[in-house]
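Undergrad: Okay, handing you the structure first.
The values are calculated or read from the model by the stated rules, or taken from the named source; none is laboratory data. All values reported here derive from a predicted model rather than from experimental measurement. Cβ coordinates were reconstructed from backbone atoms using ideal geometry, including for glycine residues, and neighbour counts include every protein chain displayed. Ligands, DNA and RNA are excluded from the accessible area calculation, which covers all protein heavy atoms including side chains. Shrake-Rupley method; radii C 1.70, N 1.55, O 1.52, S 1.80 Å.
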4 protein chains.
Amino acid sequence: MKIKSEFDIQFHIPKQTPIVAVLHVHPSVESRLLSADTLTVEHIVAVEERLEPIPLQVSQYIDSFGNRCSRFVAPEGAVRLSGSNVMEASETPDPQGEGLAQIPIEDLPDEALQFLLASRYCQVDEFGAIAAELFGSTKPGWERAAIIRDWVHDKVAFNYKAARSTKTAMDVFTERVGVCRDFQHLAITLTRALNIPARYVTGYLGDIRVPYAGPGDFSAWYQVWLAGQWWNMDARHHTPRLGRIPMAFGRDAADVAITTSFGLAELTHFHVESNEVDCDGRPVPLPTSTDPSAASPITLQ
Amino acid sequence: MKIKSEFDIQFHIPKQTPIVAVLHVHPSVESRLLSADTLTVEHIVAVEERLEPIPLQVSQYIDSFGNRCSRFVAPEGAVRLSGSNVMEASETPDPQGEGLAQIPIEDLPDEALQFLLASRYCQVDEFGAIAAELFGSTKPGWERAAIIRDWVHDKVAFNYKAARSTKTAMDVFTERVGVCRDFQHLAITLTRALNIPARYVTGYLGDIRVPYAGPGDFSAWYQVWLAGQWWNMDARHHTPRLGRIPMAFGRDAADVAITTSFGLAELTHFHVESNEVDCDGRPVPLPTSTDPSAASPITLQ
Amino acid sequence: MKIKSEFDIQFHIPKQTPIVAVLHVHPSVESRLLSADTLTVEHIVAVEERLEPIPLQVSQYIDSFGNRCSRFVAPEGAVRLSGSNVMEASETPDPQGEGLAQIPIEDLPDEALQFLLASRYCQVDEFGAIAAELFGSTKPGWERAAIIRDWVHDKVAFNYKAARSTKTAMDVFTERVGVCRDFQHLAITLTRALNIPARYVTGYLGDIRVPYAGPGDFSAWYQVWLAGQWWNMDARHHTPRLGRIPMAFGRDAADVAITTSFGLAELTHFHVESNEVDCDGRPVPLPTSTDPSAASPITLQ
Amino acid sequence: MKIKSEFDIQFHIPKQTPIVAVLHVHPSVESRLLSADTLTVEHIVAVEERLEPIPLQVSQYIDSFGNRCSRFVAPEGAVRLSGSNVMEASETPDPQGEGLAQIPIEDLPDEALQFLLASRYCQVDEFGAIAAELFGSTKPGWERAAIIRDWVHDKVAFNYKAARSTKTAMDVFTERVGVCRDFQHLAITLTRALNIPARYVTGYLGDIRVPYAGPGDFSAWYQVWLAGQWWNMDARHHTPRLGRIPMAFGRDAADVAITTSFGLAELTHFHVESNEVDCDGRPVPLPTSTDPSAASPITLQ
């Protein structure tokens, strides 16, 4: 299956500011690219009567998590970040690891250890007793991880209005409402507290072979380490999905913000979509939902 | 000047548990080693009437901050970690960067950017307005960083009893009491909030050419990025010191715990010291303090 | 001047639940009532083709702050709380106490002491050092209280979307955004921390002789104790106003919620207004704003 | 049974400061007094070669919870608060209300309603989901309250070093360690979250007919409202006890501090005891423990 993803994000910048963006697919999936994975950053300026895009210089680097980051200085005025890519994707929804045993800490690879630690939004150090009480009697390994994921899915309500940038896993645990990243932060924290490495993922998750669920957004999910590999988990969309395309991995959302602006940047336009396309690059029509209730669980982010 | 550092740390382990230790000097200063930088991990077992140390297998790895980490499985019973090293050290106290300009974010090296972000104990995202109000009118660069360091030093009281593992920079800001790491967390957070990269350091800081200040400990300080390099800062011991030997760098204490045990480990013995030694390896006598007040600011950690 | 206030609040109650409401004017201002201060609680039920209001039994009590509270059991279905009152009100905007000295704690009346203490949303115990640093060099008494009020007004942005029920003064101090009650909580906390008693008020604050500022709401402000009496302060609408009618006093919003429901109660309709009326009970026309910027500071809540 | 309680508390006052003390027994138990319930406040001054106590003027008032409070201005220097009383006490340990039904909120007396609300250290508003998950399937009423009490007793470890003045019920829930007041704060919060009124109590709880458990202290416990009365509960000493003498009731410790000083007051001496006495006023010998483990659960506070 081919998936085409594209985005168009625009800011009003009141005063020149540096910005770091994570808007490329993750290097670990670049081999599946069928097109260039473009990122264009432009300053939109009025030239006589017209608006002209002037390309801005962008430099790239790989951060300590292996993410491809882009840096540029946004000048005062209108700034536009846009890009697209086409990827080969699996026809199989998220693989499930039923029955997989938990890996003893001593057998974890070195690089997985950091995903057991506390981080900005995942206060693992405050959840030790809570996680043990809630999930200590479940079967270690995949079952435990899946039960945590489903518990968070069931206990937390989605509400865009309940988003705030400083919201932590503990806030989600007490308030029980949040957005995509909040679901994952709580699930990650509980999972780590029971010694299963868990890392945060941002990426594309479009409506692929599921009914249309409204305007797109970037999505967040997480991964757990079992049986020698990372497995996708998602406490918001907890049924197996097609078409997850990772852009960045980190300990939590603090590590992998789509854009980090070091000054004011007012969002003026936001468009993201990720669709299955046919050989000619045209979107494959989505199924229509016959069950009205089916639409809700698949709303993006 | 030669500095010899050594430690002997013992735990009672009620039940076999994996442990990660950061007990080597940082690879970036290994070129100054005059001896092996040893780490021995032993299980102390009673054999007939005597206690026998049985070496445990330890594996090493370098984490994403470049720290040399050691992993082992601690068996039930008594476990001892000991080691020592001798290093060549500068005769000059911490260099001071008076007058250095702040580096615009766009000119920071890629690898310094992560030290502007929020982390577990350093909620940069909650301190934006506070830092701007307190320090926004100071001169950017070295002066600003030094004023933050001195402010924290003056406003926070040292008290071993006020330590707790979950204490954040915000807790320190409101409670105004803490231990070494708490001073640094608050200073780091305020510094980052004003766009100067700051990273946490653990290491040795012995009584070197200063009066004896009581039993030793590992210490914590931090570094700020200015003029193309990292500069030592210390909100606890805020006067320039000799003999800082870094063991690990990180975003905050969550990244660089001396030991991280994934099960119970009861500390039963703790000895750390770091002394100037002469050509024969004998400790150089310390000056005696003629000013009784001089002793207090140099107490370790 | 006469002020007529009225409200009509409706809930959908999924399952019978007890409710406590604070919807009468405070007993201390009852002597200014020119009409009955009514509160009607009704169950709206469909009788044949029509909706019929069936009055519910309501009992009253005075709580420990002297507030007139109403209790009733809301049955499943639609429940409506409505009422109105007409009061004689002063023609003079909020009196100002310029130059008033702070009252030494030992001279405060017994009943004012509790308004120095920490409460649910006002963590006075966490703000001691912060308040002293920010305002310790201001002139004690009225000036200090007014400077705190204005500081909060200037530093916090109003945003309905930033409301949440668990938001504390510390959250407001770090997030710098909130609704009416959040402004007052931060100001109250800072004021108490400097030993000026401060209490939270809920009540009516209509557009009285100021340009229309949009649909009405209940409002929150606070009072400080100086020179033997309580003085109105308002960190949200910080210019003197006409027509404040107190409904309840408390330590913070936890004490004086307009309605406290002990089960689910979904708000379906909300209308509050408070207007100057003439001798015939007709609303007095409001001035129109000639200065467009004048409208913004007087928006309700 | 007769119980004699006495205390001698001394402070060094660096600079004149007002103090509020709650050091009398609660008015509701005054009818059981067999002696005067004295409180003497003295300034200890050196007169020639001797220390002389100079009585300070103390005024009393009853606060909104019905507690007898004492106010005075402590001058610079040494200040001593001492007092004693003898009370008639029941021969029966804390009555138990097994099987008592929970009171529907609509049937609670008006004055009990405030003990359902959130307060400084008891964030009921953050524990709704947590309390429901942990205890929602227990039998409402006495059983539920007792299960909460025992759960807190079992899950929280006592440690004097873990005390801090700003510690909340949520901190206790995550840290699982604390002192007497911390146990009660968590239990009170969980109890209120399930709609059983709970109030905080400070008072005497001596070693009465139990083995000596070390130097005395004031104690804290709580009460729940069932079957028309308040019942003693204690999450720290959770077995029925003799000799609880209440001094003050409140929503949490913020309301009923033994002493609230509005300036620095350094504790220099602290002695409290509460003993059964015979007809001649002599202490009744305590039983000696035959079971060494018996001593530990009855340590004061």
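Undergrad: On the basis of being aromatic (Phe, Trp, Tyr) and either under 30 Å from residue B:141 (Cα atoms) or touching a Phe, Trp or Tyr at 6+ places or on another chain (Cβ under 8 Å) (or both), does residue B:72 make the cut?
TA: In short, no.
Undergrad: Quick one: is residue D:81 among the hydrophobic types (A, V, I, L, M, F, W, C), part of a strand (DSSP E or B) and in contact (Cβ under 8 Å) with a residue 24 or more places away in the chain?
TA: yes
Undergrad: To continue, here is another question. Which residues, counting only those in the stretch C:87-127, are more than 14 Å from chain D (Cβ to nearest Cβ) and open to solvent by 30 Å² or more (accessible area, probe 1.4 Å)?
TA: Result: C:88, C:90, C:91, C:92, C:93, C:95, C:96, C:98, C:99, C:100, C:101.
Undergrad: Let me ask something additional. Here's a check for you: in the stretch C:183-202, which residue that is assigned to a helix (DSSP H, G or I) and away from chain B (no Cβ under 14 Å) is nearest to the chain's Cα centre (by Cα)?
TA: C:184
Undergrad: How about the stretch D:56-72: which of its residues are assigned to a strand (DSSP E or B) and surrounded by fewer than 18 Cβ atoms within 10 Å (Cβ to Cβ)? Explain how you work it out, then say what you get.
TA: Within the stretch D:56-72, the subset assigned to a strand (DSSP E or B) is D:59-62, D:68-72.
D:59, D:60, D:61, D:62, listed by residue number.
Undergrad: Next up: Pick from B:188, B:148, B:196: which is open to solvent by less than 40 Å² (accessible area, probe 1.4 Å), farther than 27 Å from residue B:29 by Cα and of a type in the set (Val, Ile, Thr)?
TA: Details: B:188 fails: farther than 27 Å from residue B:29 by Cα; B:196 fails: farther than 27 Å from residue B:29 by Cα.
Only one candidate qualifies: B:148.
Undergrad: Determine whether the stretch C:135-147 contains at least one residue that is within 10 Å of another protein chain (Cβ to nearest Cβ) and in contact (Cβ under 8 Å) with a residue 24 or more places away in the chain.
TA: No: zero hits.
Undergrad: Would you say residue B:161 is farther than 30 Å from residue B:282 by Cα and more than 14 Å from every other protein chain (Cβ to nearest Cβ)?
TA: Details: farther than 30 Å from residue B:282 by Cα: yes; more than 14 Å from every other protein chain (Cβ to nearest Cβ): no.
The answer is no for residue B:161.
Undergrad: For the stretch A:151-164, state whether one or more residues are more than 24 Å from residue B:118 (Cα to Cα), assigned to a loop (DSSP other than H, G, I, E, B), assigned by TED's automatic domain parsing to the domain that holds residue A:109 and among the small types (Gly, Ala, Ser).
TA: There is no residue in the stretch A:151-164 that is more than 24 Å from residue B:118 (Cα to Cα), assigned to a loop (DSSP other than H, G, I, E, B), assigned by TED's automatic domain parsing to the domain that holds residue A:109 and among the small types (Gly, Ala, Ser).
Undergrad: Taking residue C:180 and the conditions (1) buried (at least 23 other Cβ atoms within 10 Å of the Cβ); (2) in contact with a Lys or Arg (Cβ under 6 Å, 6 or more places away or on another chain); (3) within 14 Å of another protein chain (Cβ to nearest Cβ), which numbered condition does it fall short on, given that it satisfies the others?
TA: Of everything listed in (1) buried (at least 23 other Cβ atoms within 10 Å of the Cβ); (2) in contact with a Lys or Arg (Cβ under 6 Å, 6 or more places away or on another chain); (3) within 14 Å of another protein chain (Cβ to nearest Cβ), residue C:180 misses just condition (3).
Undergrad: OK, next. Kindly establish whether residue B:130 is within 7 Å of chain A (Cβ to nearest Cβ) and open to solvent by less than 20 Å² (accessible area, probe 1.4 Å). Show your work before the answer.
TA: Working: within 7 Å of chain A (Cβ to nearest Cβ): no; open to solvent by less than 20 Å² (accessible area, probe 1.4 Å): yes.
So residue B:130 fails the test.
Undergrad: Take the stretch B:262-282 and flag every residue that is in contact (Cβ under 8 Å) with a residue 24 or more places away in the chain and either farther than 30 Å from residue A:127 by Cα or not assigned by TED's automatic domain parsing to the domain that holds residue B:16 (or both).
TA: Of all residues in the stretch B:262-282, those in contact (Cβ under 8 Å) with a residue 24 or more places away in the chain come to B:262-279, B:281.
Result: B:271, B:272, B:273, B:274, B:275, B:276, B:277, B:278, B:279, B:281.
Undergrad: Can you spot a residue in the stretch B:259-267 that is touching a Gly at 6+ places or on another chain (Cβ under 6 Å), open to solvent by less than 40 Å² (accessible area, probe 1.4 Å) and of a type outside the set (Lys, Arg)?
TA: no
Residue-by-condition table, conditions (1) open to solvent by less than 60 Å² (accessible area, probe 1.4 Å); (2) assigned to a loop (DSSP other than H, G, I, E, B):
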{"position": "D:4", "(1), (2)": "no, no"}
{"position": "D:12", "(1), (2)": "no, no"}
{"position": "D:15", "(1), (2)": "no, yes"}
{"position": "D:23", "(1), (2)": "yes, yes"}
{"position": "D:31", "(1), (2)": "no, no"}
{"position": "D:37", "(1), (2)": "yes, yes"}
{"position": "D:41", "(1), (2)": "yes, no"}
{"position": "D:51", "(1), (2)": "no, no"}
{"position": "D:54", "(1), (2)": "no, no"}
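Undergrad: Can I ask one more? Any idea how many residues of the stretch B:222-279 are within 13 Å of another protein chain (Cβ to nearest Cβ) and basic (Lys, Arg)?
TA: Total meeting the criteria: 1.
Undergrad: Of the residues in the stretch C:1-49, how many are hydroxyl-bearing (Ser, Thr, Tyr), closer than 18 Å to residue C:59 by Cβ and away from chain D (no Cβ under 14 Å)?
TA: The total comes to 2.
Undergrad: While we're here: Scanning the stretch A:154-173 for residues that are touching a residue at least 24 places away in the same chain (Cβ under 8 Å) and out of contact with any Leu (no Cβ under 8 Å at 6 or more places or on another chain), which turns out most open to solvent (accessible area, probe 1.4 Å)?
TA: A:158
Matching residues to (1) modelled with pLDDT under 95; (2) under 30 Å from residue A:263 (Cα atoms); (3) touching a Lys or Arg at 6+ places or on another chain (Cβ under 6 Å):
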residue: A:46; (1), (2), (3): yes, yes, no
residue: A:56; (1), (2), (3): no, yes, no
residue: A:72; (1), (2), (3): no, yes, no
residue: A:101; (1), (2), (3): no, no, no
residue: A:134; (1), (2), (3): no, no, no
residue: A:140; (1), (2), (3): no, no, no
